[in-house]
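One structure is given here, and the rest of the page talks about it.
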Amino acid sequence: MEAYSAILSVAHEIKHAKRAVAFTGAGISAESGLATFRGRDGLWNKYDPAVASIESFAQDPRKFWQFAREIGWIFLAARPNDAHIALAELEEMKRLDCVITQNVDGLHQRAGSKHVIEIHGNAGRIICTRCASAYATEKIIDRLTKQEIPTCDRCGGTLKPDVILFGEPLPKKAFDQALKEVKSAGLLLAVGTSLEVYPAASLPEVAKKNGTKIISIDSEKTGWDDLCDYKVNGPAGEILPRIVQAIKISF
Ligand code: OAD
């Protein structure tokens with residue numbers, strides 16, 4: 001659909017939806033300078049995804065931490081972009097109930113979104129794999145950048161970002177909450193996700209089965225476009241503010 005008419009249709013759908021829920025992936029943070037996983041410049045073109053598996057972390061935490069530092073996975077330099085801000089504004093306008101995110105960068109909360117469900121964890125927390133002590137990433141940034149394998153100052157155990165690695169179960173409470181939100185939504189607004197990783201990718205499928213309308217905003221064609229009622233192609237940081245603007249000026 002041509003972007004302008006798609007934006008007007010999507011604005012209309014959001015404005016009149018019973019409950020709208022957003023579902024975001026790495027693409028929403030691309031304009032904050034964070035690499036996506038797939039696609040031409042995606043991390044998995046440069047690195048073997050196995051480096052982000054729990055097996056690999058257990059065998060060789062040094063390699064994992066080197067990867068985490070190289071890709072800037074401690075995110076302190078990243079800032080929310082206009083797409084994060086637009087979703088926060090939609091919540092403030094009472095047009096969006098929550099944001100379910102696969103991202104671990106914390107940028108939705110920093111943009112002002114209040115109700116955020118993180119199904120892959122948050123890299124702003126670091127946990128000890130032995131005694132479960134938790135640290136704020138920003139408080140121990142020296143240790144994370146200088147120690148090859150950062151360790152817990154309470155028990156000496158190996159530290160790990162509080163994110164879900166491949167092979168780990170999703171946090172049950174967050175995923176159950178996400179399922180509940182999706183099941184009661186009249187509209188699912190997906191932004192910047194290739195939908196290639198399960199069980200997160202099952203959420204739009206659950207929505208579809210429930211008769212929920214699905215809108216996708218993505219800069220590329222994706223393998224799941226057929227599931228969508230509306231697809232708007234373009235950078236989220238441009239498209240989402242235009243949708244918010246269209247809702248504000250429409251009757
Ligand atoms: P992907 O990297 O798989 O997909 C990113 C999507 O964002 C693609 O469809 C891009 O076309 C789109 N995109 C890129 N830039 C964009 C922009 N400026 N505006 C709009 N769309 C844009 O990322 P995810 O779907 O989030 O899991 O990946 C899912 C999971 O795979 C991640 O949570 C991570 C990864 O392996 C774990 O680490 C467990």
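Read the figures in this text as sums done on the coordinates, not as results from a lab. This structure is a prediction, so every number in the text was calculated from the model and none was measured. Using ideal geometry, Cβ is built from the backbone for each residue, glycine included, and neighbour counts are taken over all protein chains shown.
With equal scatterers on the alpha carbons only and no solvent term, can you work out the Debye log10 of I(q)/I(0) for region 31-177 at 0.14, 0.16 1/Å? After summing over all Cα pairs, the log10 values are -0.73, -0.94.
What's the exposure ranking of 113, 5, going from fewest to most Cβ atoms within 10 Å? Don't skip to the answer; put the middle values down first.
Working: 113 24, 5 10.
Lowest to highest Cβ neighbour count: 5, 113.
Spin-label model, residue 16 to residue 134: label points 7 Å out along the Cα-to-beta-carbon direction sit 4.3 nm apart.
Considering all alpha-carbon pairs of the chain, what whole percent are spaced by more than 25 angstrom? Display every interim value, and only then the final one.
Numbers: 13449 of 31375 pairs.
The share of Cα pairs beyond 25 Å in the chain comes to 43 percent.
One chain, two ends: residue 79 and residue 94. Fully extended at 0.36 nm per residue, the span grows by 3.0 nm beyond their Cα-Cα distance. Using the empirical formula 2.2 N^0.38 Å as the baseline, the Cα radius of gyration of region 114-214 reaches a ratio of 1.35. Per-residue Cβ neighbour counts within 10 Å put 228, 155 in the sequence 155, 228, beginning with the fewest. Distance between the pseudo-spin-label points of residue 47 and residue 143 (7 Å out from Cα toward the beta carbon): 2.1 nm.
Going through region 95-126, which trypsin sites (Lys or Arg not before Pro) have at most 15 other Cβ atoms within 10 Å and a DSSP loop state?
Numbers: sites: 95, 110, 114, 125; in loops: 95, 114.
When the trypsin sites (Lys or Arg not before Pro) of region 95-126 are filtered for loop state and at most 15 Cβ neighbours within 10 Å, 114 remain.
Taking every DSSP helix (H) stretch of at least 4 residues in the chain, weighting each as -39,500 (n - 2.57) and dividing the sum by the residue count yields a mean residue ellipticity at 222 nm of -10000 deg cm²/dmol.
How charged is the neighbourhood of residue 238? Take every other residue with its Cβ under 13 Å from the Cβ of residue 238, and add Lys/Arg as +1 and Asp/Glu as -1. Write out the running numbers ahead of the final one.
On the way: positive: 242; negative: 31, 82, 218.
Taking every other residue near residue 238 into account, the sum is -2.
By the scheme Lys and Arg +1, Asp and Glu -1, what is the net charge of all other residues having a beta-carbon under 15 Å from that of residue 166? Don't skip to the answer; put the middle values down first.
On the way: positive: 38, 63, 160; negative: 48, 55, 60, 168, 196.
Once positives and negatives cancel, what remains is -2.
Which of the trypsin sites (Lys or Arg not before Pro) across region 137-222 are loop residues per DSSP, with 15 or fewer other Cβ within 10 Å? Spell out each step's value before the answer.
On the way: sites: 139, 143, 146, 154, 172, 173, 180, 183, 208, 209, 213, 221; in loops: 154, 221.
Sparse-neighbourhood loop trypsin sites (Lys or Arg not before Pro): 154, 221.
Net charge of the neighbourhood of residue 206, taken over other residues with C-beta under 13 Å away and scored Lys/Arg +1, Asp/Glu -1, is +1. Taking other Cβ atoms within 10 Å as a rough exposure proxy, 181, 92 sort from fewest to most as 92, 181. The angle separating the long axis of helix 3-16 from the principal Cα axis of greatest extent in the chain is about 90 degrees.
For region 38-183, the residue among 57, 78, 101 whose Cα projects farthest onto the positive side of the dipole built from Cβ charges is 57. Reducing region 86-117 and region 165-213 to their Cα centroids gives an inter-centroid distance of 15 Å.
Full extension of the segment from residue 206 to residue 4, taken as 0.36 nm per residue of separation minus the current Cα-Cα distance, would add 69.8 nm.
Filter the trypsin sites (Lys or Arg not before Pro) in region 1-32 to those in DSSP coil with at most 16 other Cβ atoms within 10 Å of their Cβ, and list the result. Show your work: numbers first, answer last.
On the way: sites: 15, 18, 19; in loops: 18, 19.
The qualifying sites are 18, 19.
Rounded to the nearest 10 degrees, the angle from helix 172-183 to the longest Cα principal axis of the chain is 10 degrees.
Most simply put, the chain has about 30% antiparallel DSSP beta bridges, counting only bridges with both residues inside it. Given the pairs 18/172; 15/172; 63/183, which are separated by over 29 angstrom at their Cα positions? With Cα atoms farther than 29 Å apart: 15/172; 63/183.
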